[in-house]
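Quick notes on the structure that follows.
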Amino acid sequence: MTTTITTITLNGERRELPEGSTLAQLVAAIAESPAAVATAVNQQFVPRGAREACVLREGDEVLTFQPITGG
């Protein structure tokens, strides 16, 4: 059985993932504390609760960053 690969850009670097990977899976694999990371796909903010439903597609640009709080 052949696994299909999806190529995305993560924080400016090319990365290959199994087809059908979600943003939640990606964040869990790269972040020590996924809850402490904010995410955007194709320049659109993706809330933590929506990451599982966000399936990454060929050419997506993913950005992870530390949210800024305070005032």
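For the chain, give the percent of accessible area contributed by carbon and sulfur heavy atoms, probe 1.4 Å, rounded to a whole number.
Details: 2490 of 4960 Å².
In the chain, the share of accessible area belonging to carbon and sulfur is 50 percent.
Just one of [x] 52, 19, 19; [y] 28, 27, 20; [z] 62, 29, 17 is Cα extents along the principal axes in Å as worked out from the coordinates here. Which one is it?
From the options [x] 52, 19, 19; [y] 28, 27, 20; [z] 62, 29, 17, the structure gives [x].
Multiply the residue separation of Ala38 and Arg14 by 0.36 nm, subtract the distance between their alpha-carbon atoms, and state the gained length in nm to one decimal.
Result for the pair: 6.7 nm of gain on full extension.
So what is the accessible area of the chain per residue, in Å², with the probe set to 1.4 Å?
That works out to 70 Å² for each residue.
Using +1 on the beta carbon of Lys and Arg, -1 on that of Asp and Glu, and nothing else charged, what's the dipole of the chain about the Cα centre, debye to 20?
It comes to approximately 160 debye.
Given the rule -39500 (n - 2.57) for each run of at least 4 DSSP H residues, summed and divided by the residues of the chain, what is its mean residue ellipticity at 222 nm, to the nearest 500 deg cm²/dmol? Could you put the intermediate results ahead of the total?
Details: 1 runs with 8 residues, N = 71.
One gets -3000 deg cm²/dmol as the mean residue ellipticity at 222 nm.
The values are calculated or read from the model by the stated rules, or taken from the named source; none is laboratory data. What you see is a predicted model, and the numbers here were worked out from it, not measured in a lab. Note: ideal-geometry Cβ built from the backbone for every residue, glycine included; neighbour counts use all protein chains shown. Calculation scope for accessible area: heavy atoms of the full protein, side chains included, ligands and nucleic acids excluded. Shrake-Rupley method; radii C 1.70, N 1.55, O 1.52, S 1.80 Å.
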